[in-house]
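Working notes, structure below.
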Amino acid sequence: MSYALQRSDFLDDRQLQGRDFCIAYTELIESWLVEIFQASEAGATGVALVAIGGQGRCELAPQSDLDLLLLHARDAPAQQVAAIADALWYPIWDAGLKLGHAVRSTKDTLALANEDLVTATALLSARHIAGDAALTAELAEKAKVNWRKRGKRWLSELSSSVEERHNVSGELAFDLEPDLKDGRGGLRDVHALSWARAAGADIVESVLDSLAPAYDELLAVRIELHRCTARPGDQLLMQEQDAVAAAVGDADADLLMARVAAAGRTIAWATDECFHEIKLAVGGPFRDRFRRERQLDNSLVLRNARVCLAENAVPVTDPHAVLQVALAAAQNSARIEGRTLEALAVAPVLSDPWPASAQKLFVELLRHGSASIPVIETLDQFGLWTPLIPEWAPCRSLPQRNVFHHYTVDRHLLECSAEAASLAHRTPRPDLLVIAALLHDIGKAYSGDHSEVGMQLTTGIASRMGFDSEDRATLEFLVLNHLLLSEIATRRDLDDPATIEGVAKIVETPDRLALLRALSEADGVSTGETSWGPWKAQLVEQLSSRVANLLNGVEDLSERSSFPNDEQRLLMQTPGIHISVQGERITVVCPDRLGAFFRVAGALALHDLDVVGANVYSENGVALDEFQVTVGGSAVLPWDDVRADILKSLEGRLAVQARLEDRVRRARRRPLRGPSQFPSRVRFDNDATAGATVLEAVGPDRIGLLYGLTRALADLDLNVSSAKIHTMGEDVIDTFYLTLAGGGQVQDSEHQDEIRLALMHVLEPSV
């Protein structure tokens, strides 16, 4: 059987997984390489075929590059070496394998390794395959000796390279689509620890041994990722997660990602610990900053950038100790000493309810913002966090597999609390703000509506923390309503007095409004890039300001109308069609006829302009349509072409439907990055405002969706007076204010059913 067939059959056999696969696969490939080498060398001496890097570690994945060095003695005939190289490399390329290769003498290889970190670390796993074994042994030994001799230099470079890699590749445990190899907490971090140990770093073998289960977990996932995609790469994309989960035997992708996150956290924490010590040992500004020991209080010392219990403080008898140590670490941007963590593990638990002093320490810890996150992560690693909040345990490493959220649930809660700390000065109760931010999504780990469940959990947590009944009520309100402002701002007409009055009725007081406003921003910013931007921030601020004015009695809603403005009214008095662009706001004035809205929406879709909001007004046979858009794809658009297509569409001279369908067919079909968050639905609300029906259409986003929805509404003789278009990851929530052709709400249930049928066919064309 040919090697190609052997390899194909081997990869198709799913019985071997993880490290067992790597070993067997490496043996298969190298037995073939030995055959090629033996056939090519023709009695040559002083030549060896050496595996380095990942191949040297026997960790080849299905799509890994081969890492090979053709090593030769200084006196080996150049022609002979070149002939052997050609005889080796070409069959590998012909077999469709990727190859990282070099042909060097021992001297040249060691000289390069003395200057290049990548080469130096690759040689640390040098392993003989074929040829002159003594030559390989000499190289491997000298490479290790030289690495150790230059240990201080290499440790400094290695430390910098680890930090740089983390900055580029992100965090494996918390990223939506983690990099299994190069992310913080990935496979490469374990390699870096072994290299650091070989350079003389004080890393005991037991540390590396303790990481073996997490490492093997990630290695197994990487192998199946290569198998499922049939291409190289280490980023676990969302569209691949279901297949990989099935391949490793997990019931679903959520379970897979939770295991990946847990493994990544274990490796990341150990890496941070070890490289903290390495940076101290290497010296420089980092060590100089923390060289002197400093007494923090009677029981705590800052030593080598670590918070340590004083010798006379062991054993720990104070229930406050965990929080005192954690706060000291956050205050000093320091880590917590291992011995101290072990001592804290047997500290007595806090009473129920907590004393006021414990509540104060906990709040102060959270108010240190981003500095508190690594401290809490350390407490979590040592089992010291969940005793404070037992309800936290189901949230640990819980993935949120959609493009809307960037972090696992637990990390999002910490990020939100940290962001809230930076906004606390805007509120009358900073303590309640950071606590609410920490708890607002805790209900996601439980069945039911996460806001309602979270509110119920908050009741117990706040009681245990010692908050009085009034503060508990405020915390419950904040957790229950943490989405209120952002949802209303993006889905309702802010010029409608009923909208402002409805929010004011829920919020009740200016103080609660200020807390909710800050929580909304903290939640949005910490969720991810797609969750909070200038447009949404502006809408939430507009809503909050108007509600505050109403609560403070300084605004008469009945007298305010921002649309249309004086300039727009003047434009409506000028005959013809007028199209103007100001920033990302497009205004269209045209004769009033049914369907003007969808014709403009279709023209905008042809230019990749995403509509995020729209207002419609008509008077005396003239329509005014105002669209707020965001530019998708290229940031530079030919606005003259946009205007021209809008005009053509309004005049019936542009085949919008056909053009959109062509675009969809030509578009490269990108699979959803993750599962849809919401089932497709159409919902009517006749209580939100007088004189109009509020309709919400929810479904997966696609090219021309708004055009299709508004065209369907026009076909049913319905007028759209305003619209809010809100994108959440792969989904959209489109809100329309509708009136019948003759005015009034859509009250008839049969009519509503027909509207729902028409819109569902747009939302789900296959239905």
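The values are calculated or read from the model by the stated rules, or taken from the named source; none is laboratory data. From a predicted model like this one, the values you see are computed outputs, not experimental measurements. Positions of Cβ are backbone-derived with ideal geometry, glycine not excepted, and every protein chain shown enters the neighbour counts.
If you filter the range 384-425 down to residues that are of a type in the set (S, T, N, Q) and part of a helix (DSSP H, G or I), you find that the one that is surrounded by the most Cβ atoms within 10 Å (Cβ to Cβ) is Ser417. When residues of the range 580-634 are filtered for being of a type outside the set (A, V, I, L, M) and outside any strand (DSSP E or B), how many remain? Selection size over the range 580-634: 16.
Within the range 5-29, the residues that satisfy the criterion of being in contact with a helix residue (DSSP H, G or I) (Cβ under 8 Å, 6 or more places away or on another chain) and under 18 Å from Leu97 (Cα atoms) are Gln6, Arg7, Phe10, Leu11, Phe21, Cys22, Ala24, Tyr25, Thr26, Leu28, Ile29. Among the helices (runs of 4 or more DSSP H) confined to the range 7-121, the ones with at least 1 residues that are more than 27 Å from Glu217 (Cβ to Cβ) and in contact (Cβ under 8 Å) with a residue 24 or more places away in the chain are located at 18-41, 78-94, 106-113. Of the helices (runs of 4 or more DSSP H) lying entirely inside the range 449-505, those carrying at least 2 residues that are farther than 25 Å from Pro353 by Cβ are 484-491. Taking the criterion of being modelled with pLDDT of 95 or more and either hydrophobic (A, V, I, L, M, F, W, C) or outside any loop (DSSP other than H, G, I, E, B) (or both), the residues of the range 170-193 that qualify are Asp179, Leu180, Arg184, Leu187, Arg188, Asp189, Val190, His191, Ala192, Leu193. Scanning the range 466-517 for residues that are among the hydrophobic types (A, V, I, L, M, F, W, C) and touching a Pro at 6+ places or on another chain (Cβ under 9 Å) yields Phe467, Ala514, Leu515. Say whether the condition of being buried (at least 18 other Cβ atoms within 10 Å of the Cβ), modelled with pLDDT of 95 or more, in a helix (DSSP H, G or I) and outside the structural domain of Val434 (by TED's automatic domain parsing) is met by at least one residue in the range 329-350. There is at least one residue in the range 329-350 that is buried (at least 18 other Cβ atoms within 10 Å of the Cβ), modelled with pLDDT of 95 or more, in a helix (DSSP H, G or I) and outside the structural domain of Val434 (by TED's automatic domain parsing). The residue that is modelled with the highest pLDDT, counting only those in the range 199-256 that are among the hydroxyl-bearing types (Ser, Thr, Tyr) and closer than 20 Å to Gln381 by Cα, is Tyr215. Would you mind stating whether Leu296 is modelled with pLDDT of 80 or more, hydrophobic (A, V, I, L, M, F, W, C) and farther than 30 Å from Asp352 by Cα? Answer is no for this residue. Go through (1) farther than 21 Å from Ala196 by Cβ; (2) surrounded by fewer than 21 Cβ atoms within 10 Å (Cβ to Cβ); (3) modelled with pLDDT under 95 for Gly131 and report which single condition fails. Of everything listed in (1) farther than 21 Å from Ala196 by Cβ; (2) surrounded by fewer than 21 Cβ atoms within 10 Å (Cβ to Cβ); (3) modelled with pLDDT under 95, Gly131 misses just condition (2).
Comparison of Pro232, Pro213 shows that the only residue that is under 13 Å from Lys181 (Cα atoms), in the same structural domain as Leu256 (by TED's automatic domain parsing) and more than 21 Å from the chain's Cα centre (by Cα) is Pro232. Scanning the range 493-512 finds no residues that are surrounded by 23 or more Cβ atoms within 10 Å (Cβ to Cβ), within 30 Å of the chain's Cα centre (by Cα) and over 30 Å from Asp175 (Cβ atoms). Of all residues in the range 426-448, those satisfying the criterion of being over 20 Å from Arg517 (Cα atoms) and part of a helix (DSSP H, G or I) are Gly443, Lys444, Ala445. Within the range 547-568, being of a type in the set (A, V, I, L, M, F, W, C), at pLDDT below 85, out of contact with any Pro (no Cβ under 8 Å at 6 or more places or on another chain) and closer than 21 Å to Leu485 by Cα holds for one residue alone: Val554. Filtered by the rule that a residue be under 28 Å from the mean Cα position of the chain (by Cα) and surrounded by 24 or more Cβ atoms within 10 Å (Cβ to Cβ), the range 443-472 gives Gly443, Gly454, Thr458. Restricting attention to the range 473-492, the residues that are surrounded by fewer than 24 Cβ atoms within 10 Å (Cβ to Cβ) and either farther than 27 Å from Thr689 by Cα or of a type in the set (D, E, K, R) (or both) add up to 5. Here is the figure for the range 437-473: residues that are more than 21 Å from Glu521 (Cα to Cα), touching a Leu at 6+ places or on another chain (Cβ under 7 Å) and among the small types (Gly, Ala, Ser) total 2.
Conditions tested, residue by residue: (1) acidic (Asp, Glu); (2) under 27 Å from Thr490 (Cα atoms); (3) in the same structural domain as Pro591 (by TED's automatic domain parsing); (4) touching a Pro at 6+ places or on another chain (Cβ under 6 Å).
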residue: Val616; (1), (2), (3), (4): no, yes, yes, no
residue: Thr630; (1), (2), (3), (4): no, yes, yes, no
residue: Asp645; (1), (2), (3), (4): yes, no, yes, no
residue: Lys648; (1), (2), (3), (4): no, no, yes, no
residue: Leu654; (1), (2), (3), (4): no, no, yes, no
residue: Gln657; (1), (2), (3), (4): no, no, yes, no
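Surrounded by 18 or more Cβ atoms within 10 Å (Cβ to Cβ) and either among the acidic types (Asp, Glu) or touching a Ser or Thr at 6+ places or on another chain (Cβ under 8 Å) (or both): does that describe Gly46? It is false that Gly46 is surrounded by 18 or more Cβ atoms within 10 Å (Cβ to Cβ) and either among the acidic types (Asp, Glu) or touching a Ser or Thr at 6+ places or on another chain (Cβ under 8 Å) (or both). Counting the residues of the range 610-647 that are of a type outside the set (Phe, Trp, Tyr), more than 27 Å from Leu738 (Cβ to Cβ) and without any contact (Cβ under 8 Å) to a residue 60 or more places away in the chain gives 10.
Report, by residue number, each residue of the range 200-240 that is under 18 Å from Arg57 (Cα atoms), β-branched (Val, Ile, Thr) and without any contact (Cβ under 8 Å) to a residue 12 or more places away in the chain. Answer for the range 200-240, where residues must be under 18 Å from Arg57 (Cα atoms), β-branched (Val, Ile, Thr) and without any contact (Cβ under 8 Å) to a residue 12 or more places away in the chain: there is none.
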